[in-house]
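Contents: one structure, followed by commentary.
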Amino acid sequence: MSDCPCAPWRAGGGLGARLPTELPGHSAMATRRRLRSPRLVYDIELLRAMADETRQQILQYLCTPGAGDMQEFSVGDIAENFELTASTVSHHLQLLRRVELVHVRRSGKERLYRLNWKHLRRSVGQFNDLLGLIDAAASRASRDDA
C-alpha cells in the first residue's frame, strides 16, 4: 500500500466503493458531492472501523506487550481470548485490514495479524489535529455566545 491512506480509494477500489450512494434524506447526487473527497471517504471508513466495541477490543489485544512492534496473533488466539467464533474475528480483522490498521502475513495455513503502528500513529495524529480544530471552534463559539 502507498503511504497515502486514501490511495486505494483513488483507484476506485477499497471501502469507498462500498459506501451507500444515498444517505437518509439526501439525494444520491448530493451525497456524492459531499463524499467526493477520497480523504473524507477514507476518514469516515476509518472511524466506522474504530467505532465498533469488538474491533476496539481486538486493537487493544494486538497492543499486548511482547516482541516489540512485531507481536503477532492468529485468528484462533484472538477468538479464544474473547470467546468469539473464528469467523467473527476474521470479519473484524478484515475490516481493520481494509483501513490499514493491521498487517497480515501467512505462516503455513495460518494468518498472523499485527498492528500497523506507522499508520495507527499517523491516524491518531490526524484525529488529534481535527479535535484541536473542533476545540478551538467551540471555544470561539462559546466566547461569541457570552
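The values are calculated or read from the model by the stated rules, or taken from the named source; none is laboratory data. Note that this is a predicted model, so its numbers are computed, not measured. All Cβ positions, even for glycine, are placed from backbone atoms using ideal geometry, and neighbour counts span all protein chains on display.
Would you mind stating whether LEU46 is at pLDDT below 90, in a helix (DSSP H, G or I) and under 29 Å from LEU131 (Cβ atoms)?
Values: at pLDDT below 90: yes; in a helix (DSSP H, G or I): yes; under 29 Å from LEU131 (Cβ atoms): yes.
Against the criterion (at pLDDT below 90, in a helix (DSSP H, G or I) and under 29 Å from LEU131 (Cβ atoms)), LEU46 qualifies.
Checking the structure you have, find out if any residue of the stretch 76-89 is of a type outside the set (A, V, I, L, M, F, W, C), under 30 Å from ARG39 (Cβ atoms) and without any contact (Cβ under 8 Å) to a residue 12 or more places away in the chain.
The answer is no, given that none of the residues of the stretch 76-89 is of a type outside the set (A, V, I, L, M, F, W, C), under 30 Å from ARG39 (Cβ atoms) and without any contact (Cβ under 8 Å) to a residue 12 or more places away in the chain.
Any idea how many residues of the stretch 94-146 are under 23 Å from the mean Cα position of the chain (by Cα) and assigned to a loop (DSSP other than H, G, I, E, B)?
Selection size over the stretch 94-146: 4.
Mind listing whichever residues of the stretch 105-119 are buried (at least 16 other Cβ atoms within 10 Å of the Cβ) and free of Cβ contacts under 8 Å to residues at least 24 places away in the same chain?
ASN116
Of the conditions (1) within 18 Å of ALA79 (Cβ to Cβ); (2) hydroxyl-bearing (Ser, Thr, Tyr); (3) in contact with a Pro (Cβ under 9 Å, 6 or more places away or on another chain), SER123 satisfies every one except a single condition; which number is it?
Every listed condition holds for SER123 apart from (1).
Every residue, every condition in (1) modelled with pLDDT of 60 or more; (2) surrounded by 17 or more Cβ atoms within 10 Å (Cβ to Cβ); (3) over 23 Å from PHE127 (Cβ atoms), yes or no:
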{"residue": "SER2", "(1), (2), (3)": "no, no, no"}
{"residue": "PRO8", "(1), (2), (3)": "no, yes, no"}
{"residue": "ALA11", "(1), (2), (3)": "no, no, yes"}
{"residue": "SER27", "(1), (2), (3)": "no, no, yes"}
{"residue": "LEU40", "(1), (2), (3)": "yes, no, no"}
{"residue": "ALA51", "(1), (2), (3)": "yes, no, no"}
{"residue": "ILE58", "(1), (2), (3)": "yes, yes, no"}
{"residue": "VAL75", "(1), (2), (3)": "yes, yes, yes"}
{"residue": "HIS92", "(1), (2), (3)": "yes, yes, no"}
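Here is a list of conditions, (1) surrounded by 14 or more Cβ atoms within 10 Å (Cβ to Cβ); (2) assigned by TED's automatic domain parsing to the domain that holds VAL41; (3) touching a residue at least 40 places away in the same chain (Cβ under 8 Å), and CYS63 meets all of them except one; can you say which number that is?
Among (1) surrounded by 14 or more Cβ atoms within 10 Å (Cβ to Cβ); (2) assigned by TED's automatic domain parsing to the domain that holds VAL41; (3) touching a residue at least 40 places away in the same chain (Cβ under 8 Å), CYS63 violates only (1).
For the structure I just gave you, tell me whether THR85 is outside the structural domain of ARG122 (by TED's automatic domain parsing) and either touching a Leu at 6+ places or on another chain (Cβ under 6 Å) or at pLDDT below 55 (or both). Can you show your working first?
On the way: outside the structural domain of ARG122 (by TED's automatic domain parsing): yes; either touching a Leu at 6+ places or on another chain (Cβ under 6 Å) or at pLDDT below 55 (or both): no.
No: the conditions fail for THR85.
Checking GLY68 against (1) under 17 Å from LEU120 (Cα atoms); (2) modelled with pLDDT under 85; (3) surrounded by 17 or more Cβ atoms within 10 Å (Cβ to Cβ), which single condition isn't satisfied?
With (1) under 17 Å from LEU120 (Cα atoms); (2) modelled with pLDDT under 85; (3) surrounded by 17 or more Cβ atoms within 10 Å (Cβ to Cβ) applied to GLY68, the lone miss is (3).
Just one of the numbered conditions (1) touching a residue at least 24 places away in the same chain (Cβ under 8 Å); (2) closer than 22 Å to LEU130 by Cβ; (3) loosely packed, with under 14 Cβ neighbours inside 10 Å is not true of LEU96; which one?
Failed condition: (3).
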